[in-house]
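Participant: I have a structure here, written as structure tokens, and I will follow up with some questions on it.
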Amino acid sequence: MAVTTDARDIDAAGSSSRKIVERGLARRKRNEVIFKGIGLGAILIGISLVAVLFGSILYKGVPAFTQATLHLDVTFDPAIVNVPEKPVQGADENDADYYERLLSWQRRLVFVNWNRVIQDAIAKVVPAAADNARDAAGMVASGERVRLRDMVAEDPSLIGTTKAVSLVAAANIDVWLKGNIDRSLAQSKQQLTALQQEWADDLYDRGVITMAFSSVLFTNVDSRSSPATAGLLGAMVGSIMMMLIVMFCAVPVGVMAAVYLEEFAPKNRLTDIIEVNINNLAAVPSIVFGLLGAAIFINLLGLPLSAPLVGGLVLSLMTLPTVIIASRASLRAVPPSIRQAALGVGASPTQAMFHHTLPLAVPGMLTGAIIGVAQALGETAPLLLIGMNAFVPNVPTTPIEQSTALPVQIYLWQGNEMRNFFEARTAAAILILLAVMISMNAFAIFMRHRFERRW
Amino acid sequence: MTTSTNTVAAEGQPIAHSVDEIERQAATAGEGVREHDAVFQTVRRPFEVPLVTKIDARDVCVDYGTKRALHHVSIKLPEKAVTAFIGPSGCGKSTFLRCINRMNDTIENCVVSGEIDMEGEDLNDKSRDVVLLRARVGMVFQKPNPFPKSIFENVAYGPRIHGVARDKKHLGEIVEQSLQRAGLWKEVKDRLDEPGTGLSGGQQQRLCIARAIAVSPEVILMDEPCSALDPIATATVEALIQELRENYTIVIVTHSMAQAERVSQKTCYFHLGYLVEEGPTETIFNDPREERTRQYISGVFG
């Protein structure tokens, strides 16, 4: 019958097309598996590269957070520290006279043979040190002499007493004890003398030298004469100043620019050009901003070289496009229905913006701003061009004082000729920079969750 | 309130050109439609008892760039009554609705011409302050869009920005009254501090209505207010519209013919940017004169 034939034909066609689909099925599944595999592989490669990077930085950097430190009983022998009484301002004495007397007293203090003080302290634990002044003085970081001097300057009653003081060992002692130098090298190629090597091992075994937490890393400024006491304080303060400048310059300007462009600017050729240029600026190499900063802020406006103010302004310029783009994106992500609702009850466009759209966009804007600032914090290239790579052993107290910054300090330490000591120091500085950045990003995430509202 | 004694026009003349014909010509002659704008005649059906006119729109055209979305629409909207705009998507009914509170101003390239007269003032006059206008003409949107703030803040926002409330107590009274009128007071009075977005869809839409009436408007525009709601919430909102009609002039855009029939006193049928037929809801639904209206209402298309 015709009907059954038709039905069979349809059945046959159905089963054949089903077969075609079935044949293709295996291939489709295979493709799916391959794509998933490629994607997973990409992620694994990425993660493993990051792991290698972090692993190597941690491996190198963590040991630098502890440092060879001598725990000595320092005697401030009046025979060596032979300074008169610290002057006291007389009742009828004017300030100028008093400071003159104080200065001459301090000058006397500077000329005290502090190496001798240290030598005597070491001689108490290693008697041989009494006859080997140079070797003994070379055990302790040279910057520590200054610390002893400052202790006495602050408290002259120390003279004639003995006090337990922890002194940072010289960088070479640290290198020797950490095994960062080949002990089998010929003596002529060693940085420590044979005596110093012997004393270092001996004192380390006796616990006079320990690996203590390296607080100088956080409390001292950079130093070239005393590498072991070189720290990051100046760089950290410089970076914080620049970050504050970026926050107060780039963020308000960027947010207001985004608000205007997104909500109020007419859509015409001019705003199109502005928009394209903002996007292009975000992709301009950062060193170009350094050139711009050098030309405008330093040459034209005459602002000082190496100043956090100039650095902050340059970084603000660099961060501005990022902030504008992120802010516009978060403004655009606010549902237009909210804006319409506000306009519908008679809010002016400005009111709709500031009462409704902007508060809803704040989490996204904050994220963009903080990530922009974090990026600025890690930027090095533009700072090199405005002179922030100068050696500045100083903590800036105002933004127009000379200063250095964390990433530039890393760059400087990376180039330091005392490689076997500064390699770890550099990695430690990188870790500190990363820690600051990660905490800033964590703060950004926290703020986003804090302010996020659902609609 | 109303001083105008105009009655809704009721010419009811036979049309010179059907929409069909114009569509056909437009398809072949591109911009040909405009030439016919002037000749096109809306079928106007009379009211037995003339209603007082609140808004008198004359010759309103809307252009989006070079595209004309609304062709010479003239409508009289009766006071304290519900006018429904029906028609297929893209027919211009929402566009016309948005002309009444100038929401089209926010759209780039949108040009509205013609006159929209409310009690002797032309709403379409560009020198008019839209802020004042929108306080007089409230709007309820298709999707419930409460602010992501508390229920109280949602309703209080309008009175607050207009500085209507004398003090906190007065503001509270306005909020309570608005919520009561919107039939939401009983449901939310104990949780005014909770976010408006936490309410159900129907409650949210009533909250939006409360927000609109909190600034005591004269006219409420509703752009498909029930399209995102389930049937039960729709019934509640429809009942609310019936109550609000006693105090407000309501214009509602809807895709639901049944809804238009249930809630409105006057119905306007739009098609492809033309106002095809308008008149008393009963007349339009029981005895449409224009072929397109008949087909749309009986469900042949749309």
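The values are calculated or read from the model by the stated rules, or taken from the named source; none is laboratory data. Note that this is a predicted model, so its numbers are computed, not measured. Positions of Cβ are backbone-derived with ideal geometry, glycine not excepted, and every protein chain shown enters the neighbour counts.
Participant: Six or more apart or on different chains, Cβ atoms under 9 Å: show the pairs whose first residue is in the range B:230-252 and modelled with pLDDT of 90 or more and whose second is acidic (Asp, Glu) and not in a loop (DSSP other than H, G, I, E, B).
Facilitator: Final answer for the pair search is B:Ile252/B:Asp223.
Participant: Within 9 Å of chain A (Cβ to nearest Cβ), in contact (Cβ under 8 Å) with a residue 60 or more places away in the chain and of a type in the set (Gly, Ala, Ser): is that true of B:Gly138 in this structure? It would help to see each step written out before you state the result.
Facilitator: Details: within 9 Å of chain A (Cβ to nearest Cβ): yes; in contact (Cβ under 8 Å) with a residue 60 or more places away in the chain: yes; of a type in the set (Gly, Ala, Ser): yes.
So B:Gly138 fits the description; yes.
Participant: In the range B:128-135, is there at least one residue being more than 9 Å from chain A (Cβ to nearest Cβ), surrounded by 22 or more Cβ atoms within 10 Å (Cβ to Cβ) and in a helix (DSSP H, G or I)? Even if it seems obvious, please write down each step before you answer.
Facilitator: Initial filter on the range B:128-135 (more than 9 Å from chain A (Cβ to nearest Cβ)): B:128-129.
Going one step further and asking which of them are surrounded by 22 or more Cβ atoms within 10 Å (Cβ to Cβ), we end up with none.
Looking through the range B:128-135, none of the residues is more than 9 Å from chain A (Cβ to nearest Cβ), surrounded by 22 or more Cβ atoms within 10 Å (Cβ to Cβ) and in a helix (DSSP H, G or I).
Participant: Could we say that A:Ala129 is touching a residue at least 12 places away in the same chain (Cβ under 8 Å) and either out of contact with any Lys or Arg (no Cβ under 9 Å at 6 or more places or on another chain) or not assigned by TED's automatic domain parsing to the domain that holds A:Asp205 (or both) here?
Facilitator: So A:Ala129 passes the test.
Participant: A further question follows. Go through the residues of the range B:17-39 one by one and say whether even a single one is part of a loop (DSSP other than H, G, I, E, B) and modelled with pLDDT under 50.
Facilitator: yes
Participant: If a residue must be touching a residue at least 40 places away in the same chain (Cβ under 8 Å) and closer than 17 Å to B:Met222 by Cβ, how many such residues does the range B:262-291 contain?
Facilitator: Narrowing the range B:262-291 to residues touching a residue at least 40 places away in the same chain (Cβ under 8 Å): B:263-281, B:283-284, B:289-291.
Retained after the next criterion (residues that are closer than 17 Å to B:Met222 by Cβ): B:263-268, B:270, B:281.
Here the count works out to 8.
Participant: In addition: Return the only residue of B:Ala228, B:Ala212, B:Ala233, B:Ala239 being crowded, with 24+ Cβ neighbours inside 10 Å and either farther than 23 Å from B:Ile297 by Cβ or within 13 Å of another protein chain (Cβ to nearest Cβ) (or both).
Facilitator: Matching residue, one of B:Ala228, B:Ala212, B:Ala233, B:Ala239: B:Ala212.
Participant: Can you list the helices (runs of 4 or more DSSP H) lying wholly within the range A:185-280 that have 2 or more residues being more than 22 Å from A:Val146 (Cα to Cα)?
Facilitator: It comes to A:194-206, A:233-259.
Participant: Looking only at the range A:189-225, which residues are among the hydroxyl-bearing types (Ser, Thr, Tyr), surrounded by fewer than 20 Cβ atoms within 10 Å (Cβ to Cβ) and either touching a residue at least 60 places away in the same chain (Cβ under 8 Å) or under 21 Å from A:Val62 (Cα atoms) (or both)?
Facilitator: A:Tyr204, A:Thr210, A:Ser215, A:Thr219, A:Ser223, A:Ser225
Participant: For residues in the range A:412-455 being touching a Ser or Thr at 6+ places or on another chain (Cβ under 9 Å) and within 14 Å of chain B (Cβ to nearest Cβ), which is nearest to A:Ala376 (Cα to Cα)?
Facilitator: Checking each candidate, the answer is A:Arg453.
Participant: Take residues that are farther than 22 Å from A:Ile287 by Cα and tell me which of the helices (runs of 4 or more DSSP H) falling wholly in the range A:355-446 contain 1 or more. Before you say what the answer is, go through the steps one by one.
Facilitator: Values: elements: A:358-377, A:381-385, A:406-414.
By residue number, A:358-377.
Participant: Regarding A:Ala390, is this residue surrounded by fewer than 22 Cβ atoms within 10 Å (Cβ to Cβ) and more than 14 Å from chain B (Cβ to nearest Cβ)?
Facilitator: yes
Participant: Taking the condition of being touching a residue at least 40 places away in the same chain (Cβ under 8 Å), among the hydrophobic types (A, V, I, L, M, F, W, C), surrounded by fewer than 23 Cβ atoms within 10 Å (Cβ to Cβ) and in a loop (DSSP other than H, G, I, E, B), how many residues in the range A:307-343 meet it?
Facilitator: 0
Participant: Consider B:Pro146 carefully, then state whether it is surrounded by 24 or more Cβ atoms within 10 Å (Cβ to Cβ), facing chain A (nearest Cβ under 9 Å) and under 20 Å from the mean Cα position of the chain (by Cα). Quick ask: steps written out before the conclusion?
Facilitator: Numbers: surrounded by 24 or more Cβ atoms within 10 Å (Cβ to Cβ): yes; facing chain A (nearest Cβ under 9 Å): yes; under 20 Å from the mean Cα position of the chain (by Cα): yes.
Spelling it out, B:Pro146 is indeed surrounded by 24 or more Cβ atoms within 10 Å (Cβ to Cβ), facing chain A (nearest Cβ under 9 Å) and under 20 Å from the mean Cα position of the chain (by Cα).
Participant: Quick check on this structure: which one of A:Ala342, A:Ala326, A:Ala294 is out of contact with any Pro (no Cβ under 8 Å at 6 or more places or on another chain) and within 14 Å of chain B (Cβ to nearest Cβ)?
Facilitator: So the residue among A:Ala342, A:Ala326, A:Ala294 that is out of contact with any Pro (no Cβ under 8 Å at 6 or more places or on another chain) and within 14 Å of chain B (Cβ to nearest Cβ) is A:Ala342.
Participant: Now, a different point. Every residue in the range A:289-306 that is of a type in the set (A, V, I, L, M) and either in a loop (DSSP other than H, G, I, E, B) or in contact (Cβ under 8 Å) with a residue 40 or more places away in the chain (or both), please.
Facilitator: A:Leu291, A:Ala294, A:Ile298, A:Leu301, A:Leu303, A:Leu305, listed by residue number.
Participant: Have a look at A:Met211, A:Met236 and point out the one that is farther than 20 Å from A:Ala170 by Cα and either at pLDDT 95 or above or not aromatic (Phe, Trp, Tyr) (or both). Full working, then the answer.
Facilitator: Working: A:Met211 fails: farther than 20 Å from A:Ala170 by Cα.
Step by step, each of A:Met211, A:Met236 is checked, and only A:Met236 is farther than 20 Å from A:Ala170 by Cα and either at pLDDT 95 or above or not aromatic (Phe, Trp, Tyr) (or both).
Participant: Quick one: in the range B:188-204, which of the residues that are assigned to a helix (DSSP H, G or I) and within 12 Å of chain A (Cβ to nearest Cβ) is surrounded by the fewest Cβ atoms within 10 Å (Cβ to Cβ)?
Facilitator: Initially, the range B:188-204 is screened for residues assigned to a helix (DSSP H, G or I), giving B:188, B:196-198, B:201-204.
Then drop every residue that is not within 12 Å of chain A (Cβ to nearest Cβ), which leaves B:196-198, B:204.
Details: B:Gly196: 26, B:Thr197: 19, B:Gly198: 14, B:Gln204: 23.
Here the answer is B:Gly198.
Participant: While we're looking at this one, here's another question. Quick one: which residue in B:Asn124, B:Asn104 is in contact with a helix residue (DSSP H, G or I) (Cβ under 8 Å, 6 or more places away or on another chain), part of a loop (DSSP other than H, G, I, E, B), closer than 20 Å to B:Leu70 by Cβ and more than 8 Å from every other protein chain (Cβ to nearest Cβ)?
Facilitator: Answer to the check: B:Asn124.
Participant: While we're on this one: Taking the stated definitions as given, is A:Ala170 aliphatic (A, V, I, L, M) and closer than 18 Å to A:Leu72 by Cβ?
Facilitator: So A:Ala170 passes the test.
Participant: If you go through the range A:250-268 one residue at a time, do you hit one that is touching a Lys or Arg at 6+ places or on another chain (Cβ under 7 Å), within 14 Å of chain B (Cβ to nearest Cβ) and of a type outside the set (A, V, I, L, M, F, W, C)?
Facilitator: yes
Participant: Can I ask one more? For A:Glu401, indicate whether it is away from chain B (no Cβ under 14 Å) and farther than 23 Å from A:Ala64 by Cβ. Break it down into steps so the answer makes sense when it comes.
Facilitator: Details: away from chain B (no Cβ under 14 Å): yes; farther than 23 Å from A:Ala64 by Cβ: yes.
So A:Glu401 fits the description; yes.
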